[in-house]
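Take a look at the structure set out below.
The values are calculated or read from the model by the stated rules, or taken from the named source; none is laboratory data. Not measured: the values here are computed from a predicted model. No Cβ is skipped: glycine too gets one built from the backbone with ideal geometry, and neighbour counts run over all protein chains shown. Each accessible area value is taken on the protein alone, full model and side chains, heavy atoms only, with ligands, DNA and RNA left out. Shrake-Rupley method; radii C 1.70, N 1.55, O 1.52, S 1.80 Å.
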Amino acid sequence: MKKILLAVAALAMAMSVNAQKKTVELFVSQGFQGPECYEKVVLPVDGKGYMTIFNGENFDGWRGYGRNKMPSKWVVEDGCIKFDSKKEGEGGDIIFAHKFKNFELEMEWKIAQGGNSGIFYLAQEVARADGSGLEPIYISAPECQVLDNENHPDAKLGVDGNRKSTSLYDMIPAKPQNAKPFGQWNKVKIRVNNGKVEHFQNGKKVLEYTLWTPEWTEMLQKSKFSEKNWPVAFQLLNNCGGPNHEGLIGMQDHGDTVWYRNIRVKELK
């Protein structure tokens, strides 16, 4: 696909919909550093307004966090995005390189035995103050936990199960906890609308909270991301989404094999 350098004014037209063909055009960022370089991707849109952001065949629109390409340990397999822990090569977290503000995100995932991963939203690519690279994605973005609850030790850590599947990691437990075992598909939906966030797992609403409120700040202060324990993480998460309250969708390389499929987003007004 042709790479396009866009002026800031042109970004106001970052999305256009072809009503007849039921597709949407998005401009996705091609790299973190240097001139803003964007690439156009054309995505199918269903009758309910959901755009499919992974086509099951290649990584159009996707790249590594803070990189201009996909890490080689992430592969396309049987219509899924797979992190292959046994594959030689380069790992790291990945992102769909277009920022969303108010949206519903749906996908299915399954995890290998004893596995751990995560889904990020409203993420930013943030440079470290000392110039040594990027801060990790998980200190700028809320994380929806992806976990084998029965076999990974993280399920027993945290408070009241707030590190189990589909929990807001280390802050709010997903209840009811209705995750399916490793090797089986789970469906997750995340809705972000003017600061109100809801997580759904396998058809059930399991948590809700509101960003950018005193309650959100209080939750952070009680977590591993508190101002005392991790000042940079506290600052970034307390203002997650940046000044425009928008950000990237990402998946975590936690070193364990995981699969994602049927990834789609509907933008909310």
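The table below gives the values:
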{"quantity": "Estimated dipole of the range 118-269 in Debye, rounded to 20 [Cβ of Lys and Arg +1, of Asp and Glu -1, Cα centre]", "calculated": "700"}
{"quantity": "Accessible-area composition of the range 58-198, carbon plus sulfur, in percent [1.4 Å probe]", "calculated": "44"}
{"quantity": "Three-way shape label, the range 147-269, alpha-carbon gyration tensor, a/c 1.5", "calculated": "oblate"}
{"quantity": "Phe182, Phe120, Phe234, ranked by accessible area, largest first (probe 1.4 Å)", "calculated": "Phe182, Phe234, Phe120"}
{"quantity": "Proximal aspartates and glutamates to Lys180, defined as alpha-carbon separation beneath 14 angstrom and excluding residues fewer than eight positions away on the same chain", "calculated": "Glu108, Asp148, Glu150"}
{"quantity": "Prolate/oblate/rounded call for the range 28-144, Cα gyration tensor, a/c under 1.5 rounded", "calculated": "rounded"}
{"quantity": "Charge dipole magnitude, Cβ of K and R +1, D and E -1 - the chain, Cα centre, debye nearest 20", "calculated": "620"}
{"quantity": "Shape of the range 131-211, Cα gyration tensor, a/c cut at 1.5", "calculated": "oblate"}
{"quantity": "Dipole of the chain [Lys/Arg +1, Asp/Glu -1 at C-beta], most positive-end residue of Gly133, Gln177, Gly161", "calculated": "Gln177"}
{"quantity": "Correct choice for Cα extents along the principal axes in Å that was computed from the model, options [x] 56, 39, 36; [y] 48, 40, 39; [z] 51, 45, 37", "calculated": "[y]"}
{"quantity": "Area of Glu57 that stays accessible when all protein chains are in place (1.4 Å probe, Å², to 10)", "calculated": "150"}
{"quantity": "Residue-normalised accessible area of the range 117-222, expressed per residue, 1.4 Å probe, Å²", "calculated": "43"}
{"quantity": "Accessible surface, 1.4 Å probe, highest first, among residues Thr257, Thr210, Thr217", "calculated": "Thr210, Thr217, Thr257"}
{"quantity": "In Å², nearest 10: area of Leu211 left accessible to a 1.4 Å probe", "calculated": "0"}
{"quantity": "Sequence-distant residues sharing a close amide H with Cys37 (under 5 Å, placed H)", "calculated": "Gln30, Gly31"}
{"quantity": "Under 17 Å from the Cα of Lys187 - lysines, other chains or at least 8 residues apart", "calculated": "Lys82, Lys110, Lys164, Lys175, Lys204, Lys205, Lys266"}
{"quantity": "Where His199, His98 fall by accessible area, highest first, once all protein chains stay in place (1.4 Å)", "calculated": "His98, His199"}
